[in-house]
Amino acid sequence: MRHLPTRTTRHRVVGALAAALLCAAGLGTEAVASGTPAAQAAPAEPAPAGAQLGEGLAPTPPMGFNNWNSTHCRAEFNEAMVKGIADIFVAKGLKEAGYEYVNLDDCWALPQRDANGKLVPDPARFPSGIKAVADYVHAKGLKFGIYTSAGTKTCNAAGFPGGLGHEYSDARQFADWGVDYLKYDNCNNQGVDAKLRYNTMRDALNATGRAIVYSICEWGENQPWEWAADVGQLWRTTGDISDNWGSMLSIMKRNLPLAQYAGPGHWNDPDMLEVGNGGMTDTEYRSHFSMWSVMAAPLLIGSDLRKAPASAFEILGNREVIAVDQDPLGKQGTVISSEGGRWVVAKEMRDGSRAVALFNESGSPQRIATTAKAVGLPDAPGYRLRDLWQHTDANTAGTISATVPAHGTVLVRVSRDRDWALLPPAVEVSADEGLMAEAGQSGKLTSTVTDLGRTPALAVSVALTGPEGWRVKATSRATAAVLTSGRKLTTGWEVAVPPGAAPGSYALTLTAKYSSSTGQRLTATVPGSVHVVVAPPAGQSYLSDLGALSAANGWGPVEKDTSNGESGTGDGKPITIGGQVFAKGLGVHAASAVEYYSGSRCTTVSAQVGVDDEKGTRGTVAFEIWADGTKAASTGVLTNTMPAQPISADVSGAKVVRLVVTDGGDGVDSDHADWADLRIGC
């Protein structure tokens with residue numbers, strides 16, 4: 001993970017020109033040493049009167065590609081890759097869908113400037129030079145972007161030249177190469193005031209006379225949403241994303257409250273898309289893409305499309321979801337509700353409709369519901385409900401609800417429509433959540449089919465199927481001749497788990513069939529699951545030795561008996577808190593949640609907890625123990641300077657124990673957390 005680097009204490013430096021700024025800060029830069037004032041000062045001639053070239057740029061969130069998430073600085077980041085991405089944009093219809101920027105990230109330059117203080121493209125990676133690559137991209141009808149940092153060096157450990165003190169020279173080079181988009185990072189900034197650094201590059205870009213979209217990448221450290229609307233067109237609100245559910249979720253939660261700051265030409269940027277990189281399921285990637293779109297976020301593909309699976313193109317190319325992101329009204333979606341990880345986020349659209357995301361944060365299916373009134377629509381006899389992933393239309397009397405799979409999102413567009421009566425009724429199919437049973441035992445659940453529309457659902461039938469060899473039977477009626485608006489068909493089911501079934505999650509499928517007065521025969525299907533579980537043994541056990549029901553982690557996998565480490569499995573170190581080493585436990589990264597089956601047989605959970613020493617003095621976290629849906633114990637915010645702290649909870653009667661680590665309220669940078677000596681008593 002490219003954790004935010006350690007930064008020196010910031011000093012507010014007064015001055016307008018970069019040269020004066022650097023002198024005041026006492027910085028010895030290459031340009032100063034070599035006596036190249038052109039690299040330091042603004043041009044003698046000011047930009048034309050009224051020529052704020054940023055105005056009118058990015059009226060909708062930028063769409064395109066950036067290589068960092070898939071390549072970092074590895075050898076495959078080169079001229080051939082960049083040209084290949086441009087070719088794929090055209091061949092796969094991504095250009096036609098709205099993607100236009102093909103952007104380079106770090107490591108495109110040599111480590112040293114030339115004798116004139118100019119940036120030098122790496123001839124091994126870009127043998128034709130940057131301008132030739134930009135020309136190739138432009139010839140495809142696309143735009144070209146580049147990267148540097150608002151510091152003396154970029155973020156890569158090799159330390160490529162940054163733009164601090166070279167803003168006007170670098171901006172002129174970028175313009176001469178045909179750059180259309182600049183990502184300006186925040187590493188090695190020498191403590192210089194952020195507003196001054198980013199304003200200087202803005203002025204340098206304007207002075208070139210070329211329209212260049214300006215992406216401010218200072219990780220949200222100085223609340224750029226409060227001051228950057230007249231500086232750049234987009235600003236990062238968080239640290240770097242990584243290709244896992246916990247990271248995506250944490251970043252989404254930090255970006256959602258900033259809706260008031262977004263609009264045409266100025267966008268909150270929660271970082272690039274991970275769709276297609278392989279660290280999440282397709283369900284999770286659809287959630288990622290849905291939520292970035294409803295947040296009016298820039299859509300910058302972060303996967304190497306030359307290797308991406310077909311499912312990634314299906315997700316990235318969904319034009320109905322893209323239309324939500326690109327709506328010209330420019331509203332970012334706002335949170336309507338979020339109780340229990342059941343999120344409703346609604347976005348006002350220019351045509352008066354609302355895009356509504358029903359987002360399930362949890363690890364099991366959840367019913368998520370709202371109403372047309374709650375999302376801001378006026379009263380109407382009926383509404384059109386358009387499912388943007390299923391590409392289907394239905395009518396609703398006003399209820400917007402669905403059973404959403406674990407980590408899934410149902411994205412709909414809801415509108416007043418005079419022709420609502422010509423559409424079939426929306427029908428919601430749901431079942432009890434989180435069925436658990438031990439091998440050789442039976443579990444019971446209840447399914448419900450509800451008519452949400454103004455028109456009736458006719459000849460309704462429902463079926464539940466499980467894995468081959470399992471016995472599933474209805475214990476009450478599974479058909480109804482008619483369901484009028486708001487009426488339900490409720491069916492009980494018994495699911496028998498075969499003896500010898502291995503522990504794990506097994507799929508169930510609930511299918512409802514019905515007809516409408518329009519003559520259509522329709523099918524609604526929702527996934528479910530049953531967890532085959534093993535009761536923990538009597539006495540004291542280490543939880544790391546027992547199988548988890550589910551695990552979500554903010555960076556990489558949850559590690560057994562080691563620290564979190566980095567993104568790979570098994571790359572952690574011995575669990576160490578305040579110099580004390582522990583042999584057993586879990587290494588996690590905020591935000592994380594790990595669930596264990598306790599089967600109503602256990603009484604206590606205990607641990608020694610804290611921030612692991614592997615991140616030095618950085619990181620702040622808080623720990624929670626949940627018994628079923630009740631928080632049973634919690635710590636305050638813990639820092640890396642603290643020794644291990646004890647935590648214990650009474651979990652008597654609970655079927656599930658959930659271990660949660662939050663970010664301490666200041667973001668997830670370096671939040672490597674340990675559940676050391678983690679035990680359960682049964």
What about residue 609, is it of a type in the set (Val, Ile, Thr) and under 30 Å from residue 254 (Cα atoms)?
yes
Listed residues 603, 576; which is farther than 29 Å from residue 364 by Cβ, of a type in the set (Ser, Thr, Tyr) and in contact (Cβ under 8 Å) with a residue 24 or more places away in the chain?
576
Over the stretch 172-184, the set of residues in contact with a Ser or Thr (Cβ under 6 Å, 6 or more places away or on another chain) and surrounded by 24 or more Cβ atoms within 10 Å (Cβ to Cβ) is 183
Are there any pairs, at least 6 apart or on different chains, whose C-beta atoms fall under 9 Å, with the first in the stretch 275-288 and over 16 Å from residue 71 (Cβ atoms) and in the same structural domain as residue 249 (by TED's automatic domain parsing) and the second among the acidic types (Asp, Glu) and assigned to a helix (DSSP H, G or I), and if so, which?
282/314
Is it the case that residue 661 is at pLDDT 95 or above and either out of contact with any Asp or Glu (no Cβ under 7 Å at 6 or more places or on another chain) or not β-branched (Val, Ile, Thr) (or both)?
yes
Residue list for the stretch 637-682, restricted to those being closer than 23 Å to residue 548 by Cα and without any contact (Cβ under 8 Å) to a residue 60 or more places away in the chain
646, 647, 648, 649, 650, 651, 652, 653, 654
Suppose we filter 489, 522, 510, 543 for residues that are within 20 Å of residue 607 (Cβ to Cβ) and aliphatic (A, V, I, L, M); which single one remains?
543
Those residues of the stretch 442-463 which are polar (S, T, N, Q) and surrounded by fewer than 20 Cβ atoms within 10 Å (Cβ to Cβ) amount to 442, 446, 448, 461
Being under 13 Å from residue 320 (Cα atoms), in a loop (DSSP other than H, G, I, E, B) and of a type outside the set (A, V, I, L, M) is the filter here; which residues of the stretch 352-402 pass it?
389, 390, 391
Please indicate, with yes or no, whether at least one residue in the stretch 416-425 is crowded, with 24+ Cβ neighbours inside 10 Å and touching a residue at least 12 places away in the same chain (Cβ under 8 Å).
yes
Out of the stretch 391-415, which residues are of a type in the set (Ser, Thr, Tyr), closer than 16 Å to residue 377 by Cβ and either surrounded by fewer than 19 Cβ atoms within 10 Å (Cβ to Cβ) or within 28 Å of the chain's Cα centre (by Cα) (or both)?
399, 401, 415
Exactly one of 46, 59 is part of a loop (DSSP other than H, G, I, E, B) and modelled with pLDDT of 95 or more, and that one is 59
Does residue 109 satisfy the condition of being loosely packed, with under 14 Cβ neighbours inside 10 Å and within 16 Å of residue 77 (Cβ to Cβ)?
no
Please state which one of 259, 211, 229 is farther than 23 Å from residue 154 by Cα and in contact with a Ser or Thr (Cβ under 8 Å, 6 or more places away or on another chain).
259
Of all residues in the stretch 533-567 being of a type in the set (A, V, I, L, M) and in a loop (DSSP other than H, G, I, E, B), which is farthest from residue 434 (Cα to Cα)?
538
Only residues that are more than 16 Å from the chain's Cα centre (by Cα) and among the β-branched types (Val, Ile, Thr): list them for the stretch 290-321, please.
none
Out of the stretch 211-230, which residues are over 13 Å from residue 268 (Cα atoms), among the hydrophobic types (A, V, I, L, M, F, W, C) and surrounded by fewer than 21 Cβ atoms within 10 Å (Cβ to Cβ)?
211
Counting only residues that are among the hydrophobic types (A, V, I, L, M, F, W, C) and closer than 16 Å to residue 235 by Cα, which one in the stretch 190-204 is surrounded by the most Cβ atoms within 10 Å (Cβ to Cβ)?
201
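The values are calculated or read from the model by the stated rules, or taken from the named source; none is laboratory data. Source: prediction; values computed, not measured. For neighbour counting, all protein chains shown are included, and Cβ atoms are generated from backbone atoms with ideal geometry for every residue, glycine included.
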